[in-house]
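Peer 1: For reference, the structure I am asking about is given below.
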Amino acid sequence: DIELAAHGHTVIEIKKVGAKWTALKDSPYNRRITAHQTRMRISGPAAGDARLKTAGDPTGTYVIGTLNNCTGGRTPWGTVLFAEENFDGYFGGDPDKTTEARNYKRYGLTGKSRYSWSKYYDRFNVEKTPNEPNRFGWMVEFDPYTPNSTPVKRTALGRFKHEGATTIVNKDGRVVVYTGDDEALDYLYKFITHGRFDPNNRDINRELLDSGTLFVAKFHENGELTWLPLVWGSKPLTPENGFDSQADVLIETRRAADLVGATPMDRPEEVEPNPVNGRVYAAFTNNATRKPDQVDAPNPRAKNAHGHILELIPPGGRGSDADHAALKFRWEVFLLAGNPKDSSDHAKCHPAVTKDGWVSSPDNLAVDNRGRLWISTDQGSSQSKNGIADGV
């Protein structure tokens, strides 16, 4: 119970008094969002689908809690998006004894949980509640300014190991969401809303993320990038391949992306649009599993220990003229992380980088109001033996 309660989010209000920030302990905005007690609504094309229904939720429209949350994003209407990343490690039982065996294998769910929750709660035992893992791996939206509001899992954004989701309002008013699947040899995605952002109507904007098209990236050797739609009924996302609805495409987003021919990347992390220059920056933290025969232009190093960043270039020009809804971009290598003084790293960075100023394993990104890109790193334990520290 303590472990379940420790998973989730804390919301606090802080206030600056003079030069000091102080947490307001009695603020009505303060709350906990946990894996144990917080009820969440499921929305979008997969809501109510049979593969999301359980004995505890026969409607398939709500779920208790959120798991393995990574970074997130902020919407133009002031809500917060947070990611459900490595959800596979929480479930016990044998997935081969369920009808979801192929689905769960693609997400790495083996039934060898790092926790013992399945001994105490049937919903974490796939043999007893086989659909429960389908209810995790989504992007969750919540409103920090409405303390009693119900967080919403937005299924239109796809199900995979989301690192986060960042948004930008396109020049035609549609909202574009960029997101990465943080797994070696998985994919980069974007979602384009059908509706348009209305700065004067926050309530209408709340449902924008339920209706739109999800795309996955295919990088070409010549520096072009094609966004491939993941739409049910278009080949190969048809019943012949086990997709009977758009809900199936979204529940098995990874397999859908496999079939349409997306480019496997070196652990896609955060994807950050830059509103100043109109470009998009995608971090790929590392991938020690990439073999020499898997090297390609957007992933130019085998056993990529230090990761890299790509610059994605929409058509249309700089700033607000950039067309983020376009299905054809260009791309360039922005940074090959690693030590520029070590030839074996094959690093590529600005010549002014000092001998101690290089980075390894870019993870999360941010753009400030002058258009400068900030990079945080995350080696975990992979680089500890080399004495490399995480930093910015």
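The values are calculated or read from the model by the stated rules, or taken from the named source; none is laboratory data. What you see is a predicted model; the values in this text were computed from it and never measured. Quick reminder, even Gly has a Cβ in these numbers, built from the backbone with ideal geometry, and neighbours come from all protein chains shown. Quick note on the areas: whole protein, heavy atoms, side chains included, nothing else; ligands and nucleic acids left out. Shrake-Rupley method; radii C 1.70, N 1.55, O 1.52, S 1.80 Å.
Peer 1: If the cut-off is a Cα-Cα distance under 25 Å, which lysines reach K15, setting aside same-chain residues fewer than 8 apart in sequence?
Peer 2: Answer for K15, where 25 Å is the Cα cut-off: K25, listed by chain and number.
Peer 1: Could you size up the charge dipole of the stretch 180-230 around its Cα centre, putting +1 on the beta carbon of Lys and Arg and -1 on that of Asp and Glu, and report it in debye to the nearest 20?
Peer 2: Taking the Cα centre of the stretch 180-230 as origin, the dipole is about 280 debye.
Peer 1: May I pose another question? Summing Lys, Arg as +1 and Asp, Glu as -1, what charge do residues with Cβ under 14 Å from the Cβ of K341 carry, K341 excluded?
Peer 2: Once all neighbours under 14 Å are counted, the net charge is -1.
Peer 1: Normalising by the residue count of the chain, find the relative contact order in percent from Cα pairs under 8 Å and 6+ residues apart.
Peer 2: 11
Peer 1: Could I ask something else about it? Put +1 on the Cβ of each Lys and Arg and -1 on the Cβ of each Asp and Glu in the chain; which of G78, N274, N339 then has its Cα farthest toward the positive end of the dipole?
Peer 2: Positive-most Cα among the choices belongs to G78.
Peer 1: Moving on. In the chain, if the dipole is taken from +1 on Lys/Arg beta carbons and -1 on Asp/Glu beta carbons about the Cα centre, which of C349, F284, A302 is farthest to the positive end?
Peer 2: C349
Peer 1: Toward the positive end of the charge dipole of the stretch 220-327, about the Cα centre and with charges on Cβ (Lys, Arg +1; Asp, Glu -1), which of A257, S245, L230 goes farthest?
Peer 2: Farthest along the dipole direction, towards plus: A257.
Peer 1: Under 20 Å Cα-Cα from K97, which lysines qualify once same-chain neighbours fewer than 8 residues away are excluded?
Peer 2: K53, K105, K112, K119, K128
Peer 1: Of the candidates D210, D293, D266, which one comes out as most mobile in a Gaussian network treatment of the chain with C-alpha springs shorter than 10 Å?
Peer 2: Taking springs between Cα atoms under 10 Å, the residue moving most is D293.
Peer 1: With contacts defined as alpha carbon pairs under 8 Å and 6 or more residues apart, what's the relative contact order of the stretch 71-183 in percent?
Peer 2: Reported as a whole number, the value is 31 percent.
Peer 1: What size of dipole, in debye to the nearest 20, comes out for the stretch 243-392 about its Cα centre when the only charges are +1 on Lys and Arg C-beta atoms and -1 on Asp and Glu C-beta atoms?
Peer 2: So the magnitude is around 500 debye.
Peer 1: For the stretch 179-336, just say rounded, prolate or oblate: build the C-alpha gyration tensor, square-root its eigenvalues into a ≥ b ≥ c, call rounded for a/c under 1.5, and beyond that prolate if a/b exceeds b/c, oblate if not.
Peer 2: It comes out oblate by the Cα gyration axes.
Peer 1: Report, to the nearest whole %, how much of the accessible area of the chain belongs to carbon and sulfur atoms, 1.4 Å probe, protein only.
Peer 2: Here it works out to 51 percent.
Peer 1: Averaged per residue, what accessible surface does the stretch 252-392 expose to a 1.4 Å probe, in Å²?
Peer 2: Per-residue value: 47 Å².
Peer 1: Further question: Let me know the charge dipole size of the chain about its Cα centre in debye, to the nearest 20, where only the beta-carbon of Lys, Arg (+1) and Asp, Glu (-1) is charged.
Peer 2: Charge dipole, the chain, about its Cα centre: 500 debye, nearest 20.
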